[in-house]
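Student: Could you have a look at this structure, given as structure tokens, before my questions?
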Amino acid sequence: MSTTAKTPRAKDRSEDDSLVERFGSTRRSRFTRHLLLCAVGLVMMYPLLWLVSSSLKPNGLIFSDLSLWPAAWNPANYTEGWTALEYDFGVYFSNSLVIVTLSIIGNLFSCSLAAYGFARLKFTGRKLFFALMLGTMMLPGHVLLIPQYILFAKLGWLNTYYPLLVPNFLATNAFYIFLMVQFMRSLPPELDDAARIDGCGPFRTFWSVILPLCRPAFATTAIFTFISVWNEFFGPLLYLTDPELYTVPLALRQFIDSEGQSQWGPMFAMSVLSLAPIIGFFIAGQKYLVKGIATTGLK
């Protein structure tokens, strides 16, 4: 009576067949899924590609020629748009960069301190204050609009950057606090015990132990802050009246004339340039962004 033993190659092949039957994954199906995802990605990228294409077209062809490849090229839109307004567009880029940089510093500093208190310290009413903090996320921004405007007007902060910057240094964004709280809770509590044995107080423990381990959460907060502040239109429109203090979104709005004489080509060209810092900042911190979001809910 003879028995046949499976060769290693036949055994691997049978295991692959069982995995295919179990997960329904073959090379053809994976190729089909990737092809479908690429097609969906191209559809989603069409507005961006159309924006780049329109920035290189003459004004007369922007809305009449819908193809992505311009029938006529006009690269002068970039040079015209840079100097079309009262000030060079570099002034508006500098203003936005200052506001974004200080906003990131403010959110990282204030929100991390608040998150450390909620996540690692024990004090009376911690759960109540944490619930109240989360409750502020449900308040529409328009509800606070008039009280904040009256407050900043009484302080004499209108037509300055203070209304756009000071709230970021006071931990007013509950989402960033919640994000950091969830990340800090995932860190082992033995780290605090070891630091306490070494003679570290709460602030030293936060600065020397917890802070270096929170880079993914900080990177996520920095990216979200950069995108939201860079694209903010309503806040600068409400508090800034001097064109020299305008940010990039307000400068782009100046290209649109109420009488219909809009400079679409230069406006699209400057819009493309305004997207470059966001895309670059996102690509630079993409690894930390994915890691920060993926580990936020772990405990």
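The values are calculated or read from the model by the stated rules, or taken from the named source; none is laboratory data. Everything quoted here is computed from the prediction, not taken from an experiment. Backbone-built Cβ (ideal geometry, glycine too); neighbour counts: all protein chains shown. For accessibility, only protein heavy atoms count, side chains too; no ligands or nucleic acids. Shrake-Rupley method; radii C 1.70, N 1.55, O 1.52, S 1.80 Å.
Student: Hey, can you rank 38-49, 145-156 by average C-beta count inside 10 Å, highest first?
Tutor: Peptide ranking by packing, descending: 145-156, 38-49.
Student: Sticking with this structure for a sec: Calculate, for the chain, the solvent-accessible area per residue in square angstrom, rolling a 1.4 angstrom probe over the heavy atoms of the protein chains.
Tutor: On a per-residue basis, the chain sits at 63 Å².
Student: Using a simple charge model, +1 on the beta-carbon of Lys and Arg, -1 on the beta-carbon of Asp and Glu, nothing else, what dipole does the chain show about its Cα centre, in debye to the nearest 20?
Tutor: That gives a dipole near 1660 debye.
Student: How long, wide and thick is region 135-234, going by the Cα atoms along their three principal axes, in whole angstroms, largest first?
Tutor: Dimensions of region 135-234 along the principal axes of its Cα atoms: 49, 25, 25 Å.
Student: Provide the packing ranking of 239-248, 61-70, i.e. peptides ordered by the mean count of other C-beta atoms within 10 Å per residue, highest first.
Tutor: Per-residue mean Cβ counts within 10 Å order the peptides as 239-248, 61-70.
Student: From the C-alpha coordinates alone, can you work out the Kirkwood hydrodynamic radius of the chain, in Å?
Tutor: In the chain this quantity evaluates to 23.7 Å.
Student: Is any helix in the chain, taking whole DSSP H runs, at least 18 angstrom long along its axis by alpha carbon and on average at least 1.6 on the Kyte-Doolittle scale, and which ones?
Tutor: Membrane-span-like by this rule: 264-284.
Student: For n ≥ 4 DSSP H runs only, could you compute -39500 (n - 2.57) per run for the chain, divide by its residues and tell me the 222 nm figure to the nearest 500?
Tutor: Roughly -20500 deg cm²/dmol at 222 nm, from the helical runs in the chain.
Student: Moving on to the next point. Taking the chain, how many lysine pairs are there with alpha carbons less than 28 Å apart, if each pair must be eight or more places apart or span two chains?
Tutor: 6
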